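S.K.: Handing you a structure now.
Values quoted throughout were computed directly from the atomic coordinates according to the rules given, and no laboratory measurement underlies them. Values in this document were obtained by computation on a predicted structure and should not be read as measured data. Virtual Cβ from ideal backbone geometry, glycine too; neighbours counted across all protein chains shown.
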Amino acid sequence: MSSHHIVREKQEPALLIAGLDNFPDELLGQLLEWSPTVVVTADVAEKVQSQGIKIDWLVADEMPDLQQSDIKQFPLAGNHPLVAALDQLIAQGYPAINLVSDELDIEVLAPYFSQTDLVVFYDDKKIVALHNGFSKWQPAGNRIEILTQSHNLVYTNLVQVADDLYEVVQDGFYRLQFSDAYLLVAEAL
């Protein structure tokens, strides 16, 4: 008996690649597993292509000379490459986007956390926007870092070990409650 999975267009998160310098190939393979729409910035287009990854969209004002010929283009239109890409992906109806980047600019990304399910892979971290009442099972000793200022933060099964760093006390669910629209949290990959 075989199992067949039908993946509808835009069902899987789009994959936006803005940098791969510190990103493990194994994790990249996992993000590519369900054949997402792959969008790259001009800075990484050659590197992505050299790894044998099919590029769907390139974020650039001019199309560089690449081996793959069927690449569509998102023009920058004077915007930051991430702004141009995220605006286009949201306009095209992608409900979720995975971003792999060598730089983390929260100010550039902040407006998008409330518009789409944006997950940022930066350095050795996975950064997500959590909503009030979030809970997740974690083994004791795992750490989470809160990247945005929080108002009225209440947490269970966590202990604060540094300014914005919390550690899971015992195997089980931790829970976060707060009054902000969302809370940016980083976990180790």
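S.K.: For K125, list the lysines whose Cα falls under 22 Å from its own Cα; do not include residues on the same chain fewer than 8 positions away.
M.R.: K47, K136
S.K.: Further, regarding this structure: Can you tell me the FRET efficiency between Q177 and S114 if r is taken as the Cβ-Cβ distance and R0 is 22 Å, rounded to the nearest 0.05? Please list the in-between numbers first.
M.R.: Working: r = 18 Å, r/R0 = 0.83.
With a Förster radius of 22 Å, E is 0.75.
S.K.: Still on this structure: Would you mind checking the pairs K10/K72; K10/K126; K72/K126 and listing those with alpha carbons more than 20 angstrom apart? It would help to have the intermediate numbers written out before the result.
M.R.: Details: K10/K72 16 Å; K10/K126 22 Å; K72/K126 28 Å.
Violating the 20 Å Cα-Cα cut-off are K10/K126; K72/K126.
S.K.: I need the phi-derived Karplus couplings for region 72-83: 6.51 cos²θ - 1.76 cosθ + 1.60, θ = phi - 60°, integer Hz, Gly and Pro marked x.
M.R.: 8, 10, 9, x, 5, 6, x, 9, 4, x, 5, 4
S.K.: I've got another one for you. Could you go through region 22-33 in sequence order and give the Karplus-derived ³J(HN,Hα) for each residue, using 6.51 cos²θ - 1.76 cosθ + 1.60 with θ = phi - 60°, rounded to whole Hz, and x for Gly and Pro?
M.R.: For region 22-33, the Karplus-derived couplings read 10, 10, x, 4, 4, 5, 4, x, 5, 5, 8, 4 Hz, x marking Gly and Pro.
S.K.: Take the alpha-carbon positions of the chain, form their convex hull, and give its projected area averaged over all directions (one quarter of the hull surface) in nm².
M.R.: Working: hull surface 52.2 nm².
Result: 13.1 nm².
S.K.: Turning to a different aspect of this structure: Karplus couplings for region 184-189 from phi (6.51 cos²θ - 1.76 cosθ + 1.60, θ = phi - 60°), rounded to Hz, Gly and Pro as x?
M.R.: Once rounded to whole Hz, the list reads 7, 10, 10, 10, 5, 6.
S.K.: What is the distance, in nm, between label points placed 7 Å from the Cα along the Cα-to-Cβ direction at N152 and at K10?
M.R.: Taking the simple label geometry, N152 and K10 are separated by 3.5 nm.
S.K.: Mind checking region 101-164 for GluC sites (Glu not before Pro) that DSSP puts in a loop (not H, G, I, E or B) and that have at most 16 other Cβ atoms within 10 Å? Please list the in-between numbers first.
M.R.: Values: sites: E103, E107, E145; in loops: E103.
Here the GluC sites (Glu not before Pro) that fit, given the DSSP loop and packing criteria, are E103.
S.K.: Given H placed on each backbone N at 1.01 Å, which residues far from N142 in sequence or on other chains put an amide H within less than 5 Å of it?
M.R.: V168
S.K.: Still on this structure, I have one more. Tell me the label-point distance for the pair E33, K54, using the 7 Å Cα-to-Cβ offset, in nm and rounded to one decimal.
M.R.: For the pair E33/K54, the computed spacing is 1.9 nm.
S.K.: Could you work out [θ]222 nm for the chain from helices alone, using -39500 (n - 2.57) per DSSP H run of at least four and dividing by all its residues? Round to the nearest 500 deg cm²/dmol.
M.R.: Here the helix-only value at 222 nm equals -4500 deg cm²/dmol.
S.K.: Which three lengths, in whole Å and largest first, does region 130-188 cover when its Cα atoms are put on their principal axes?
M.R.: 28, 21, 18
S.K.: Between Q160 and L66, what length in nm is gained on full extension when 0.36 nm per residue of separation is reduced by their alpha carbon distance?
M.R.: Working: separation 94, 0.36 × 94 = 33.84 nm, distance 4.86 nm.
Extending this stretch completely gives an extra 29.0 nm.
S.K.: Can you list residues from other chains, or at least 5 along the same chain, whose modelled amide H is less than 5 Å from the amide H of F74?
M.R.: Close amide H contacts, sequence-distant or interchain: L58, V59, A60.
S.K.: Scan the chain and report its longest stretch carrying no trypsin sites (Lys or Arg not before Pro) that are both in a DSSP loop and have at most 14 other Cβ atoms within 10 Å.
M.R.: Values: sites that count: R8, K54.
Answer - 55-189.
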